[in-house]
Amino acid sequence: EEARSAAAQALERELREAVALQGDGLEAERRGLEERAQAAKEALDAARAEAAAQRAECEARQRHIDEMSSELQERRKRSRDLAQDADRAHGRKLKAEADARELRRQRAAIER
């Protein structure tokens with residue numbers, strides 16, 4: 001009876017030790033998983049912050065491109081307006097030259 005009791009106590013002690021070892025292993029695994037989860041959360045937060053910064057930079061670049069496009073359109077319009085003004089001025093010059101030739105011809109005809 002004593003031998004069985006001693007054997008049962010030894011088995012119970014071994015069982016407690018095995019359970020404690022398993023519990024320690026599970027606790028270590030849980031801590032490892034928590035650390036990995038925390039690292040993944042930090043990486044995700046960093047990626048989100050980077051994405052937000054890139055988005056803001058992209059929006060700023062797009063605004064700059066839009067401003068440049070508007071400026072280019074305005075310059076093209078001014079260029080067209082100036083070209084039209086130059087064409088009208090050239091037309092007036094040609095007409096004035098033609099009028100001057102006609103007046104010289106008329107004066108020459110009168111002087112004869």
**Complete:** For the chain, the percent of accessible surface on carbon and sulfur atoms (probe 1.4 angstrom, ligands and nucleic acids excluded) is 55 percent
**Item:** Computed Kirkwood radius, in angstrom, where 1/r is averaged over Cα pairs of the chain
**Value:** 24.3 Å
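Give me the 1.4 Å probe accessible area per residue for the range 1-82, excluding ligands and nucleic acids, in Å².
About 91 Å² of surface per residue is accessible.
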**Prompt:** HN-Hα J couplings of the range 100-106 from phi, Karplus 6.51/-1.76/1.60, θ = phi - 60°, integer Hz, Gly and Pro as x?
**Reply:** 4, 4, 5, 5, 5, 5, 5
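The values are calculated or read from the model by the stated rules, or taken from the named source; none is laboratory data. Bear in mind the structure is a predicted one, so any value in this text is a computation, not a measurement. These area figures cover heavy atoms from the full protein model, side chains too; ligands, DNA and RNA do not enter into them. Shrake-Rupley method; radii C 1.70, N 1.55, O 1.52, S 1.80 Å.
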